[in-house]
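Since every read-out is calculated from the coordinates, none of them should be taken as a lab result. None of the values given here were measured: they were computed from a predicted structure. Ideal geometry is used to build each Cβ from the backbone, glycine not excepted, and the neighbour counts take in all protein chains shown.
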Amino acid sequence: MPDECPDVSSWIGLARQGDDEAARALFRHLYPLVLKLVRAHLPRRSSEEDLVQMVFTKVFSKLDQFSGTVPLEHWVSRVAVNTCLNQIKSENSRPEIRLADLSLEEEQVVQSLAATTEDVPASFAARDLVDKLLGQLAPRERLLMSWLYLEGRSVKDIQNSTGWSVPAIKIRAFRARRKLRQHLARLMGDSKS
């Protein structure tokens, strides 16, 4: 490791043995690099500090896997970038809408839902909100909810169209309704703050 500070290899050895001071020295040495990489690859919904902490947790938990054939900074860079990319994939697989993502009219619909137990009159904003909430579901769940509740199709009709069993349709509908309630509850919680 010719390009590294002379203390880095000793810090690694001591940190592997559980030396807290050596681990702190490694942290201080690597922090600017990790912070720079996290900022360059920061997922939309993740906090910079949380992601830096995740990277260092992985670095120190896998320090025994560092072979020393490449500079430590290269190895840490790879861990940091992979952590960021995994977080981005995770966010993309579970998209989330927030109150800030809604139009003013859609936000008013959410606030009126939070304030009353009565039905909200149908409006373009309410339809747009339903579309955004449905967009949070997997394609099969979205199709099922649209057929059942927007088009008013029967379970038997859906069974004939898809080949799914009646219990499978009911279970998928139950789970999709639960997900929709959770997304709406998050939005309503945002509107109260």
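Can you tell me the FRET efficiency between LYS132 and PHE27 if r is taken as the Cβ-Cβ distance and R0 is 35 Å, rounded to the nearest 0.05?
Numbers: r = 41 Å, r/R0 = 1.18.
Efficiency, from the Cβ-Cβ distance: 0.25.
Of LYS36/LYS58; LYS36/LYS62; LYS58/LYS179; LYS36/LYS132; LYS89/LYS132; LYS89/LYS179, which pairs sit farther than 24 Å apart, going by alpha carbon to alpha carbon?
LYS58/LYS179; LYS36/LYS132
Taking the Cβ-Cβ separation of ALA185 and ARG78 as r and a Förster radius of 41 Å, what is the calculated FRET efficiency to the nearest 0.05?
For R0 = 41 Å, the calculated efficiency reads 0.60.
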